[in-house]
1. Among the candidates Gly239, Gly214, single out the residue that is within 30 Å of Ala180 (Cβ to Cβ) and either surrounded by fewer than 20 Cβ atoms within 10 Å (Cβ to Cβ) or modelled with pLDDT of 70 or more (or both).
2. For the stretch 18-31, state whether one or more residues are surrounded by fewer than 17 Cβ atoms within 10 Å (Cβ to Cβ), in contact with a Ser or Thr (Cβ under 8 Å, 6 or more places away or on another chain), not basic (Lys, Arg) and not in a loop (DSSP other than H, G, I, E, B).
3. Of all residues being of a type in the set (Val, Ile, Thr) and over 15 Å from the mean Cα position of the chain (by Cα) in the stretch 123-167, which is farthest from Glu227 (Cα to Cα)? Just the residue, please.
4. Just the residues that are more than 23 Å from Met293 (Cα to Cα) and of a type in the set (Val, Ile, Thr), please, taken from the stretch 153-177.
5. Might you check whether a residue that is in contact with a Pro (Cβ under 7 Å, 6 or more places away or on another chain), of a type in the set (A, V, I, L, M, F, W, C), crowded, with 16+ Cβ neighbours inside 10 Å and farther than 29 Å from Lys283 by Cβ occurs anywhere in the stretch 52-64?
6. What residue, among those in the stretch 154-175 that are touching a Lys or Arg at 6+ places or on another chain (Cβ under 9 Å) and free of Cβ contacts under 8 Å to residues at least 60 places away in the same chain, is surrounded by the fewest Cβ atoms within 10 Å (Cβ to Cβ)?
7. Taking into account only those residues within the stretch 102-137 that are in contact with a helix residue (DSSP H, G or I) (Cβ under 6 Å, 6 or more places away or on another chain) and among the β-branched types (Val, Ile, Thr), which is farthest from Phe165 (Cα to Cα)?
8. Which residues, taken from the stretch 12-54, are under 25 Å from Arg78 (Cα atoms), among the hydrophobic types (A, V, I, L, M, F, W, C) and touching a helix residue (DSSP H, G or I) at 6+ places or on another chain (Cβ under 9 Å)?
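The values are calculated or read from the model by the stated rules, or taken from the named source; none is laboratory data. Quick caveat, the model's predicted, so the values are computed rather than measured. Please note: Cβ atoms are built from the backbone with ideal geometry, for glycine as well, and neighbour counts cover all protein chains shown.
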Amino acid sequence: MRLGLAGGGTDVSPYCDRFGGEVVNATVSLYAHARLELLEAPVVELEALDRGERAVFPLSPTLPPGGGLDLLKGVYNRFVADHGLTDRGLRITTRADVPAGSGLGTSSTLVVALVRAFLELHGRQMDAYEVARLAYRIERKDLGLPGGRQDQYAASFGGVNYITFGAGERVEVTPLAVSADVMRALEGRLVLYYTGHSRDATGILAEQRRHAAGEGRPLEAMHRLKEQSRMMCEALLAGRLDEIGEILDFGFRQKREMASGISHPGIEAVYEAARAAGATGGKISGAGGGGFMVFYCPEGTRVPVEEVLAGMGGKVWEWGWVGG
């Protein structure tokens, strides 16, 4: 899964179609898992272990929408449409390391994992761009689920990336050559905190799309979030770690302008408590409204920040960087 560092929201249409989007993200040691097993019986078994959902269908070209397990059904239906049925039944099992709606790109990462598993099953190969494009098509087009474009590319490429988005689904992924020492030091200064509440981002994203199609303060905030991506790139590449807290705080202030549901008093209380304990900045991961938050803690402040957060009703989460 990915931790967004800058520019989140500028990868959502229609903003990126009108103005171009720019994000910086990095993948972390939290995963989505997908397993396919061929069966003798002519059935399709679906199970999401972390959600406690299971369903069994007769082997057929199309699994019916609705009733849960839509991501699994969507990938199955797309691969059957493109490559045909398997000659045996199939069991599809998935699991994610964090709750859905947590803001780390969980759903898109799961779709990428499923796409790669189905490619293995069918003996097909795709490069990282093709995998991400197919995952995007399944999630946004076939299933009609709202969201941006960065998550599929982060999961498919891995590592630390600067990603730009344009009209016509144009995407360019640029890996950032950040030194291992800088990434190790940054890992030691970032605290990942789960608020205890996942969120449905549908309303937030709908409001954001409306603002992106018009003018005013929310649109100006999106423009500034693109600037934040360039600021983050420069700080990472130069190893100016203590600027990152200020850059995150700049982005948090812009993000709140984009839609009314991104922040709320509970999130604001957590943010201010972390700042009072020594964090110089932070952000809500993903669309906002709940899920994970991340805070930058200058040297010597991580422990007091973690202690304060532990008393806020959520959980400080263990994690680490993983490369591409």
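1. Gly239
2. Scanning the stretch 18-31 turns up no residue that is surrounded by fewer than 17 Cβ atoms within 10 Å (Cβ to Cβ), in contact with a Ser or Thr (Cβ under 8 Å, 6 or more places away or on another chain), not basic (Lys, Arg) and not in a loop (DSSP other than H, G, I, E, B).
3. Ile138
4. Correct list: Thr164, Val171, Val173, Thr174.
5. Checked the stretch 52-64: at least one residue is in contact with a Pro (Cβ under 7 Å, 6 or more places away or on another chain), of a type in the set (A, V, I, L, M, F, W, C), crowded, with 16+ Cβ neighbours inside 10 Å and farther than 29 Å from Lys283 by Cβ.
6. Glu169
7. Val115
8. Passing the criteria: Val12, Ala32, Ala34, Leu36, Leu38, Val44, Leu46, Ala48.
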